Amino acid sequence: MQSTSTSREVSDWPVVSQPTSLLEKYLAVRRTSLHLCAPLTVEDHSLQPMPDASPAKWHLAHTTWFFETFVLSSYLQDYPPFRGEFRHLFNSYYNAVGDRPLRALRHILSRPSLHEAHAYRDYVDEAMVRLLADDVPSDALDLITLGVNHEQQHQELIVTDVKNGLWTNPLRPGYRTASDGHEASTVAKVLPLEWCRFQDGIYSVGFAGQGFSFDNEGPPHEVYLQPFRVASRLTTNAEYLEFMLDGGYGKPELWLSDGWDCVRNNQWSAPLYWEQRDGDWWHYTIEGMKPLAMNEPVCHVSYYEADAFARWAGARLATEFEWEVAARSCAVEGNLMETGRLHPQAIKTAGTLAQMYGDVWEWTGSAYLPYPNFKPAAGAVGEYNGKFMCNQMVLRGGSCATPLSHIRVSYRNFFPPHVRWQFMGIRIANGN
Ligand SMILES: [Fe+2]
């Protein structure tokens, strides 16, 4: 860790997998956000390298704002807000709550200070503990659970936004040093890709279990799938490099029209964070620049690149329902945030369906659309997912920065097709 980090260091990774109560889960998730920010300097907390990314300080305050605005203001009697102006200042996109500062200008909020953002968190935490000490109406419990899951989403964004911000610095400083005891990939060989086959049929998809899910995961419904096969593992850096060396970025026939425009306009010739040094490929990681490990999953590619690679490989991307059906045969485990690696990892054994959870979010070939009879949640939080169902693609499976207790088989992430700064990768699929 850097010597100039803030005093709020948390030595052990907070365990959130098996909480015994909502309060325990709430507190563990809140600690985890601070844990992720512990290696950052005060200055790092204000980095906003592009409009899509937000400063870590903003994430810390905005996740707190969610509990204050949607829970405490309605359900804790006589609750005085920490500072009234924060209702406007830390609103992200909720039109029902009111106006807010421009997203691209979140970095200008030098005041409130980081110290005050931490005080805001403490203030709201104390009030949440008081609220949860009594009987809480079920709609409030639902909002608190949503807030906990919301904060977990922002935890992943803290990692990816900080990574992008530090990479923008010409010195390419790491978020942490390599000596923090996190095991690097030890398998040097690229293990063979095999195909896992699935029969055609009518399958149930969507969330149908107990516990929390986002509104966009339902209602559960049936879909008919043609026979299909999915790759047993993620696409590796070695395979992606082969595509690059074959002139993949220069062959218009491999690209969607928008993708080709995107490649040309942005002069893309490799995934985000890749850099050639003296003829060798390096990439920027959470621990700074490292030689590219050929057996690791390729990461930080757009939907356009994933789609073009799949076409070059004589394959395609799985639809989100093919992915979901395939993932049902796998346990929800893998290289998720709790491993502490915050970097995708090579598989250790070949042959079985692997890496479905963790490592990288897998681009699917499915547009982000509502399921049949989808109804957004009631109230302002109805703006959470539904209003983004246009011009985005679905990603599945979570990444190395997704908390284990946050991901599930029906989980739908979504991003516009040009986006690369999340931990995004490729698994190819095909018809049988
Ligand atoms: Fe948010």
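All of the numbers you see were taken from the coordinates with simple rules; none came from a lab. A quick note: this is a predicted structure, and the numbers were derived from the prediction, not measured. As a convention, Cβ positions derive from the backbone with ideal geometry for all residues, glycine included, and neighbour counts pool all protein chains shown.
Summary of values
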read-out	value
Antiparallel content of DSSP bridges confined to segment 235-377, in %, to 5	90
4 °C / 1.567 mPa s Stokes-Einstein diffusion coefficient of segment 75-197, Kirkwood radius on C-alpha pairs, µm²/s	68
Estimated FRET transfer efficiency when R0 is 56 angstrom, pair Leu23-Glu222 (beta carbons, to 0.05)	0.90
Gain upon complete extension [Glu43, Arg83; 0.36 nm per residue less C-alpha separation]	12.1 nm
Alpha carbon convex hull of segment 284-338, volume per residue in cubic angstrom	137
Three-way shape label, segment 112-158, alpha-carbon gyration tensor, a/c 1.5	oblate
Sites matching chymotrypsin sites (Phe, Trp or Tyr not before Pro) across segment 106-212 that sit in DSSP coil, with at most 15 neighbouring C-beta atoms within 10 Å	Phe212
Estimated D of segment 71-142 in µm² per second, where Rh is the Kirkwood radius over Cα pairs and Stokes-Einstein applies at 4 °C, 1.567 mPa s	93
Average Cα contact separation per residue, the chain, under 8 Å, 6 or more apart, as relative contact order %	18
Helical segments meeting 18 Å axial Cα length and Kyte-Doolittle 0.5 threshold in the chain (DSSP H)	none
Estimated FRET transfer efficiency when R0 is 60 angstrom, pair Asn169-Ile202 (beta carbons, to 0.05)	0.70
Stretch in the chain that is longest and holds no GluC sites (Glu not before Pro) that DSSP places in a loop and that have at most 16 other beta carbons within 10 Å	195-332
Gyration tensor (alpha-carbon) shape descriptor, segment 237-299, a/c threshold 1.5	prolate
Contour minus Cα-Cα distance for Asp99 and Gln210 (0.36 nm per residue)	36.4 nm
Net length gained if the chain between Glu242 and Met289 were fully extended (0.36 nm per residue, minus Cα distance)	14.8 nm
Separation in nanometres of the label points that stand 7 Å from Cα toward Cβ, at Phe388 and Thr145	2.1
Magnitude of the charge dipole, the chain, Cβ model with Lys/Arg +1 and Asp/Glu -1, debye to 20	440
Summed residue charge, Cβ within 15 Å of Val205's Cβ, Lys/Arg positive, Asp/Glu negative	-2
Selected from Asn169, Asn91, Asn237 as most flexible by GNM, with the chain as the system and alpha-carbon contacts under 10 Å	Asn169
For segment 238-377: relative contact order, % (alpha-carbon pairs under 8 angstrom, 6 or more apart)	22
Within the chain, helix-based [θ] at 222 nm, where runs of 4 or more DSSP H residues each add -39,500 (n - 2.57), nearest 500	-9000 deg cm²/dmol
Relative contact order (%) - segment 319-432, alpha-carbon pairs under 8 angstrom, separation at least six	33
Lysine pair number, Cα distance threshold 15 Å (strictly under), the chain, separation 8 or more or different chains	4
Fraction of beta bridges assigned by DSSP in the chain that are antiparallel (%, nearest 5)	90
Between segment 21-64 and segment 364-416, the alpha-carbon center distance in angstrom	21
Cβ-defined net charge surrounding His418, 13 Å radius [Lys, Arg +1; Asp, Glu -1]	-3
Residue with peak Gaussian network fluctuation, the chain [Cα springs, cutoff 10 Å], from Gly279, Gly314, Gly98	Gly279
Point-to-point label distance, Trp195-Ser110, nm (Cα→Cβ direction, 7 Å offset)	6.0
Pairwise FRET efficiency - Thr177 versus Gln267, Cβ, R0 = 25 Å, nearest 0.05	0.20
Max mean-square fluctuation residue, GNM over the chain, Cα-Cα springs under 10 Å, options Trp363, Trp421, Trp282	Trp282
Label-to-label distance, nm, for residues given as Lys348 and Asp258 (7 Å Cα→Cβ offset)	4.0
Estimated Rh, the chain: Kirkwood, alpha-carbon pairs, angstrom	22.5
For segment 184-309, convex hull volume per residue from C-alpha positions, Å³	196
Per residue Cα convex hull volume in Å³ - calculated over segment 334-432	139
